[in-house]
Amino acid sequence: MKISVQMDDFDVGFEIKSISKNNSIGAVASFVGLVRDVAMTLEHYPGMTERAIGKIVEEAKTRWQVTDCTVIHRYGALEPNDQIVLVAVASGHRGDAFAACEFIMDYLKTRAPFWKKEQTAAGTRWVEAKTSDDRAADRWEERKPDAA
């Protein structure tokens, strides 16, 4: 499992290849988030952010058969079309890989401590949390596995 919060860009192909080396892996699902429209600055709380992401990944591993996982989230100044985030999940089966990847991304948007400030023609503004992101994460609460 790789979790990295970094300023530097990442190579999606390299990261996917890195988690695809186990013979039991039948699928890798990935998501890459990009900066839209306007430049932004992302801030985070070092240490706390990595721990929060680690908890999200661990929860995904309790719900689905995850063989390996990489989550890279960038911070600092980013321009339109820059990569912000990579979630890549390796599993024996595509269903687990797809579901775990989507779950991790939904929870990153709502549970990882990042703050975004957009630089627009009208000036800078902090980006508020979106209700749609909360709804996306909430739907996973309805699908929690039964407690054993």
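The values are calculated or read from the model by the stated rules, or taken from the named source; none is laboratory data. The structure displayed is predicted, hence computed values, not measured ones. Note: ideal-geometry Cβ built from the backbone for every residue, glycine included; neighbour counts use all protein chains shown.
Here is how the numbers come out for the structure above:
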item: One residue from Thr62, Thr70 being surrounded by fewer than 17 Cβ atoms within 10 Å (Cβ to Cβ) and at negative phi; result: Thr62
item: Selection count, the stretch 75-134, where residues are surrounded by fewer than 12 Cβ atoms within 10 Å (Cβ to Cβ) and free of Cβ contacts under 8 Å to residues at least 60 places away in the same chain; result: 12
item: Extreme residue, surrounded by the most Cβ atoms within 10 Å (Cβ to Cβ), among residues of the stretch 45-55 that are under 14 Å from the mean Cα position of the chain (by Cα) and under 13 Å from Phe114 (Cβ atoms); result: Ile53
item: Those residues of the stretch 112-140 which are among the charged types (D, E, K, R) and either assigned to a loop (DSSP other than H, G, I, E, B) or modelled with pLDDT under 75 (or both), in sequence order; result: Glu128, Lys130, Asp133, Asp134, Arg135, Asp138
item: Tally, over the stretch 1-17, of residues that are free of Cβ contacts under 8 Å to residues at least 60 places away in the same chain and charged (D, E, K, R); result: 2
item: Some residue of the stretch 18-39 being surrounded by fewer than 16 Cβ atoms within 10 Å (Cβ to Cβ) and free of Cβ contacts under 8 Å to residues at least 24 places away in the same chain; result: yes
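This table checks each residue for (1) aliphatic (A, V, I, L, M); (2) touching an Asp or Glu at 6+ places or on another chain (Cβ under 9 Å); (3) within 15 Å of Phe114 (Cβ to Cβ); (4) part of a helix (DSSP H, G or I).
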position: Ile16; (1), (2), (3), (4): yes, no, no, yes
position: Ser30; (1), (2), (3), (4): no, yes, no, no
position: Val57; (1), (2), (3), (4): yes, no, no, yes
position: Ala60; (1), (2), (3), (4): yes, no, no, yes
position: Ile84; (1), (2), (3), (4): yes, no, yes, no
position: Phe103; (1), (2), (3), (4): no, yes, no, yes
